[in-house]
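K.L.:
Encoded as structure tokens, here's the structure I'll be asking about.
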Amino acid sequence: MIEWTQYAQGTAHITVTGRLDAHEAPRLRECFEETREAGLARCLVTMQGVDFMDSAGLASVVSGLKSARQHGGDLVIVSPSPMVQKVLELTLLNQVIPIQDTLESSPAGPH
């Protein structure tokens with residue numbers, strides 16, 4: 001399941017649970033588009049409940065990162081599950097995408 005809410009001014013919070021695969025990746029891309037349309041340039045993506053992520057899921061995250069940065073924002077992965085953490089490390093995306101342990105450790109709004 002993928003859903004989003006406004007977290008703070010200029011910041012969206014997207015929660016991803018379950019599988020992030022070819023079936024669910026389009027929904028994540030829709031969320032990124034919806035947040036941009038709402039004027040939220042920064043996305044906090046909580047991935048604590050993701051138990052599987054394939055290349056389509058990973059591509060949707062990278063797409064969201066590119067889009068956020070093109071619009072003057074950023075994308076931060078919050079509380080990645082061990083599976084997500086491993087994928088990010090294997091692809092070296094952990095060196096490109098900011099990762100934080102908790103939602104509360106995020107500054108409110110874009111930086």
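We did not get these values from a lab; they are worked out from the coordinates using the rules stated. Keep in mind that this is a model prediction, so the values were computed, not measured. Here the Cβ positions follow ideal geometry from the backbone for every residue, glycine too, while neighbour counts run over all protein chains shown.
K.L.:
Given the Cα atoms of the chain, and with Rh set as the inverse mean 1/r over their pairs in the Kirkwood sense, what is Rg to Rh to two decimals?
P.N.:
A ratio of 0.92.
K.L.:
Just need the relative contact order of the range 2-103 here, percent rounded to a whole number, with Cα pairs under 8 Å and 6+ apart.
P.N.:
On the way: 187 pairs, mean separation 27.3, N = 102.
Once divided by the residue count of the range 2-103, the mean separation gives 27 percent.
K.L.:
Would you calculate the convex hull of the Cα atoms in the range 49-108 and tell me its volume per residue in Å³?
P.N.:
84
K.L.:
Please turn the phi angles of the range 77-87 into ³J(HN,Hα) values with the Karplus equation 6.51 cos²θ - 1.76 cosθ + 1.60 (θ = phi - 60°), one per residue in order, whole Hz, x for glycine and proline.
P.N.:
8, 10, 6, x, 5, x, 5, 5, 4, 5, 4
K.L.:
Based on DSSP, what percent of beta bridges with both residues in the range 2-103 are antiparallel, to the nearest 5? Walk me through the numbers on the way to the answer.
P.N.:
Values: 6 of 22 bridges.
In the range 2-103, DSSP labels about 25 percent of beta bridges as antiparallel.
K.L.:
Please report, in debye to the nearest 20, how large the charge dipole of the chain is about its Cα centre when each Lys and Arg carries +1 at its beta carbon and each Asp and Glu carries -1 there. Can you show the working numbers first?
P.N.:
Working: 8 positive and 13 negative charges, 53 e Å.
The dipole magnitude comes to about 260 debye.
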